[in-house]
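Structure, as structure tokens:
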Amino acid sequence: MSAVNIRLLDTTAADFEPAFQRVLHWSAETDDAIEQRVAAILADVRARGDAAVLEYTARFDGVSATSVAALEIPRAELLAALNAIPTAQRDALEAAAQRVRSYHERQLEASGRSWSYRDDDGTLLGQKVTPLDRVGIYVPGGKATYPSSVLMNALPAKVAGVGEIVMTVPTPNGERNAMVLAAAAIAGVDRAFTIGGAQAVGALAYGTATVPAVHKITGPGNAYVASAKRRVFGVVGIDMIAGPSEILVLADGTTPPDWIAMDLFSQAEHDELAQSILLCPDAAYIAQVKAAIDRLLDAMPRRDVIRASLEGRGALIRTRSMEEACDISNRIAPEHLEVSSRDPHRWEPLLRHAGAIFLGAFTSESLGDYCAGPNHVLPTSGTARFSSPLGVYDFQKRSSLIEVSEAGAQQLGPIAAELAYGEGLQAHARAAEMRLKR
């Protein structure tokens with residue numbers, strides 16, 4: 001096959017900035033036809049419940065059933081799948097699950113506990129942290145199957161103490177993936193339904209006669225799923241609106257070029273809109289990576305998707321220095337950021353915005369996707385500037401605790417009354433004043 005026509009940019013070039021902006025440009029707006037169709041599906045699910053879910057599941061997934069109850073996967077089937085998959089697959093799932101669980105347990109210890117203290121006057125102030133009662137996790141099941149997404153969504157919810165975890169996963173033509181079911185058994189999913197698309201989001205958000213309404217929906221999906229999550233936000237919580245997957249590699253030229261090429265492939269193979277970018281100050285090394293891309297691509301089963309991704313949204317960018325590469329990385333705020341250098345800890349303090357930072361040549365992004373421990377549900381499309389990976393904190397809520405003593409009321413009452421009168425809220429002021437000693 002022909003060489004990959006990936007962009008080659010140089011920060012010293014006069015036209016770098018407009019060329020760079022063209023690389024970054026991606027519209028997160030869902031087209032009007034999808035928006036209208038999703039709105040209609042959600043309205044139908046809200047109005048007709050199970051009947052609408054059955055109709056759309058038959059139409060979009062080719063799965064006909066007489067009831068939504070028939071689309072629920074019994075817990076016994078999840079356990080049977082766990083016992084039936086090859087030993088190597090089971091061992092890998094259980095090892096990954098243990099690492100993911102352990103990481104999120106540490107996260108819970110660090111930030112997920114209730115706390116309180118008392119002032120000198122005896123007033124108690126604090127925060128009560130409680131888990132959500134029920135959450136829904138959406139597991140994609142269209143172009144590929146993702147048992148890893150089951151672990152990454154269900155385990156932090158389980159660690160947080162969520163009361164019930166409801167999983168939905170599309171099963172085109174009725175084909176149930178054994179590893180997805182096995183992962184659900186390992187992760188402690190309570191109920192699982194073979195429902196996908198906007199209708200699954202609607203069923204989880206509004207509830208039907210069979211599917212229980214949840215309080216939050218997490219997990220990635222296609223444009224229909226993203227649009228549906230956006231529309232039901234407010235009825236339920238959501239984790240984020242996920243865009244195409246991204247990888248940015250900062251390289252100093254000391255990592256084997258083939259490793260970098262394959263790391264770029266690892267995100268490009270997700271879909272044609274995924275983005276893979278290399279930033280490096282060494283022009284000769286960039287040429288070696290480009291040669292590796294051309295040499296390795298034909299052996300990849302998803303080579304057509306990888307080529308389309310690299311040629312459509314990829315770039316190999318020569319920078320003046322590693323410092324400039326870090327600056328550009330902060331502008332991009334990538335989902336996955338690899339620092340593939342001899343001394344990654346030299347550059348890590350300069351990096352402010354990324355979903356996950358992978359330090360050192362041996363830390364491939366794929367390890368984070370599957371089994372390192374931290375969550376692989378990450379902010380995309382530059383949203384790492386203001387949002388975080390999925391975690392235990394997404395499955396908890398916080399309530400403020402206030403217990404004012406009689407002595408404390410004497411100190412706080414006049415302050416509150418003064419401010420309330422200033423806002424014209426007399427009842428607020430009087431409520432505070434009534435507790436003052438005469």
Could you check segment 348-404 and list, in sequence order, the residues that are among the polar types (S, T, N, Q) and over 18 Å from R106 (Cβ atoms)? T363, S364, S366, T380, S381, T383, S387, S399, S400
Take segment 332-348 and flag every residue that is within 21 Å of R385 (Cα to Cα) and in contact (Cβ under 8 Å) with a residue 40 or more places away in the chain. I332, A333, P334, E335, H336, L337, E338, V339, W347
Filter segment 264-282 for residues that are of a type outside the set (A, V, I, L, M, F, W, C) and surrounded by 24 or more Cβ atoms within 10 Å (Cβ to Cβ) and give the result. Q267, Q275, S276
If you go through A198, A185, the only one that is crowded, with 19+ Cβ neighbours inside 10 Å and closer than 22 Å to N375 by Cα is A185
Condition test on I217, is it in a strand (DSSP E or B) and buried (at least 24 other Cβ atoms within 10 Å of the Cβ)? yes
Taking only segment 126-178 into account, find how many residues are among the small types (G, A, S) and more than 21 Å from A97 (Cα to Cα). 3
Hey, any hits in segment 327-342 for a residue that's under 24 Å from the mean Cα position of the chain (by Cα) and over 11 Å from L248 (Cα atoms)? yes
Count, please, the residues in segment 226-240 that happen to be among the aliphatic types (A, V, I, L, M), within 18 Å of the chain's Cα centre (by Cα) and either at pLDDT below 95 or assigned to a loop (DSSP other than H, G, I, E, B) (or both). 2
For the structure I just gave you, tell me whether R398 is within 23 Å of R113 (Cα to Cα), in contact (Cβ under 8 Å) with a residue 12 or more places away in the chain and not hydroxyl-bearing (S, T, Y). yes
Please go through segment 355-381 and pick out each residue that is at positive phi and crowded, with 19+ Cβ neighbours inside 10 Å. S381
Failed item, numbered, when I195 is tested on (1) in contact with a Leu (Cβ under 7 Å, 6 or more places away or on another chain); (2) among the hydrophobic types (A, V, I, L, M, F, W, C); (3) part of a helix (DSSP H, G or I): (3)
Within segment 241-263, the residues that are assigned to a helix (DSSP H, G or I), crowded, with 22+ Cβ neighbours inside 10 Å and out of contact with any Cys (no Cβ under 9 Å at 6 or more places or on another chain) are A261, D263
Looking for whichever is farther than 30 Å from A14 by Cβ and surrounded by 20 or more Cβ atoms within 10 Å (Cβ to Cβ) here; the options are V404, V392, V339. Which one fits? V392
First in segment 229-241 and within 14 Å of V38 (Cα to Cα), second anywhere and modelled with pLDDT under 95 and of a type in the set (S, T, Y), Cβ under 9 Å, 6 or more apart: R230/T30
Of the listed residues (G188, G243, G174), the one being of a type outside the set (K, R), at pLDDT below 95 and closer than 20 Å to H376 by Cβ is G243
Given the options E418, E403, name the one that is free of Cβ contacts under 8 Å to residues at least 40 places away in the same chain and of a type in the set (D, E, K, R). E418
Looking at segment 129-152, can you tell me whether even one residue there is assigned by TED's automatic domain parsing to the domain that holds R230, in contact with a Leu (Cβ under 7 Å, 6 or more places away or on another chain), within 29 Å of S400 (Cβ to Cβ) and not acidic (D, E)? yes
Can you report the number of residues in segment 355-367 which are free of Cβ contacts under 8 Å to residues at least 60 places away in the same chain and within 19 Å of the chain's Cα centre (by Cα)? 5
Need at least 2 residues that are farther than 29 Å from A223 by Cα and over 18 Å from the mean Cα position of the chain (by Cα) per element, so show me which helices (runs of 4 or more DSSP H) inside segment 45-163 make the cut, counting only ones lying wholly within it. 75-84, 87-111
Only listed residue being free of Cβ contacts under 8 Å to residues at least 60 places away in the same chain, closer than 21 Å to H353 by Cα and of a type in the set (S, T, N, Q), chosen from S245, S321: S321
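The values are calculated or read from the model by the stated rules, or taken from the named source; none is laboratory data. All figures in this text were calculated on a predicted structure; none of them were measured in a lab. All Cβ positions, glycine included, derive from the backbone under ideal geometry; neighbour counts span all protein chains shown.
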